[in-house]
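The values are calculated or read from the model by the stated rules, or taken from the named source; none is laboratory data. This structure is a prediction, so every number in the text was calculated from the model and none was measured. Neighbour counts run over all protein chains shown; Cβ positions are idealised from the backbone, glycine included. Only protein heavy atoms, including side chains, enter the accessible area calculation; ligands, DNA and RNA are left aside. Shrake-Rupley method; radii C 1.70, N 1.55, O 1.52, S 1.80 Å.
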Amino acid sequence: MAILLQRVKSKMAIFAHRKARGMLDGEYGSVFRGRSLDFDDLRAYVPGDEVRDIDWKASARHGSPLIKRYVAVRRQTVLLIADTGRNMAAEARDGETKKDIAVMALGVVGYLAHRHGDVVGLVCGDANGSRTLPAKGGESHLERLLREVDSATGLDSGPSRIEGQLEHVARTVKGRHLLFVVADESAADAGTEQLLRRLRAQHEILWLTIRDADLVGESNAGQDAVSVADAALLPGHLAASPGVAAAYAEAATERDAGRHAMFRRAGITEGHVTGSAGVITELFALLERHRRAG
């Protein structure tokens, strides 16, 4: 029984009336339909070609710019990439577990793909390894993907490391796909940026970040918090300290700015959500920004 997918479809009906759902379908179609392409061969660059389609290695060997030429494929492949490490068992900003928000977001994108006749696959995992479920069509298959994410994520999961899943995709996935990544807040670093650039040269990428719970401030006075990543304790009396709150906010702002800049340099569109109630609205905005940046 498609319990998780039915939950996704029900929330889509609640949070988006028929016109809005039609607009969401339209954004998906306009962003992805024209990019249902697979690599065919190389040809000489001519003015007006997309710079992103230049094959730099082949151009260096040839001595002049060469463009990667693509041919249309019948169906698009959407690859859902999910962090199922224990960070995703933590609470998000609005009080839900990040896992539940991730399942909602993955379900919406997967269901949009299904409605457009596309096939959907999954790569998920933690720092200990990655698991791949091949791309197929149908609601029962989509339900299986969502159940995999739901059942694999818990406090007893391995540490979160979305870079591991991205490295797995870079090693094993051939052809040109649409990658939809759902992960918690992460810090930018040179290695991750290089990996993202490599993936972006081959795929279209959309990234959705699930925001951390707000652990500091007067509202957290008297409430101890424990990190699911390393079991570190943040006592409630420290969380309410103005000095701690200011330092926390500064560190979070710096981390977010670094991540945003990394995605911008890599040519990847990022969105963020604090709870499942904002998923549909943010996905619409994410698709629209990606289309305009295209």
Expected unfolding gain across residue 25-residue 187 under the 0.36 nm per residue rule, minus the alpha-carbon gap, is 55.1 nm
Along Cα→Cβ, 7 Å out, is where each label goes; now give me the distance between the ones at residue 151 and residue 116 in nm to one decimal.
3.0 nm
Students often check this: by mean Cβ neighbours within 10 Å, which of 251-262, 159-170 ranks highest, and how do the rest follow?
159-170, 251-262
Taking all protein chains as present, what is the carbon and sulfur share of the accessible area of segment 52-173, in % to the nearest whole number, probe 1.4 Å?
47 percent
Point-to-point label distance, residue 285-residue 46, nm (Cα→Cβ direction, 7 Å offset)
4.1 nm
Computed from the beta carbon distance with a Förster radius of 35 Å, FRET efficiency for residue 170 and residue 246 to the nearest 0.05 stands at 0.35
Rounded to whole Hz and in sequence order, give me ³J(HN,Hα) for segment 192-198 from the Karplus expression 6.51 cos²θ - 1.76 cosθ + 1.60, θ = phi - 60°, writing x for Gly and Pro.
5, 4, 4, 5, 5, 4, 5
If you stretched the chain out fully between residue 201 and residue 255, how much longer would it get, using 0.36 nm times the residue separation minus the C-alpha to C-alpha distance?
16.9 nm
What is the distance, in nm, between label points placed 7 Å from the Cα along the Cα-to-Cβ direction at residue 64 and at residue 144?
5.0 nm
Counting only heavy atoms of the protein chains, get the accessible area per residue of segment 131-178 (1.4 Å probe) and round it to a whole Å² value.
47 Å²
Estimated FRET transfer efficiency when R0 is 22 angstrom, pair residue 56-residue 292 (beta carbons, to 0.05):
0.30
Distant-in-sequence amide H partners of residue 185 (H built 1.01 Å from N, under 5 Å):
210, 212
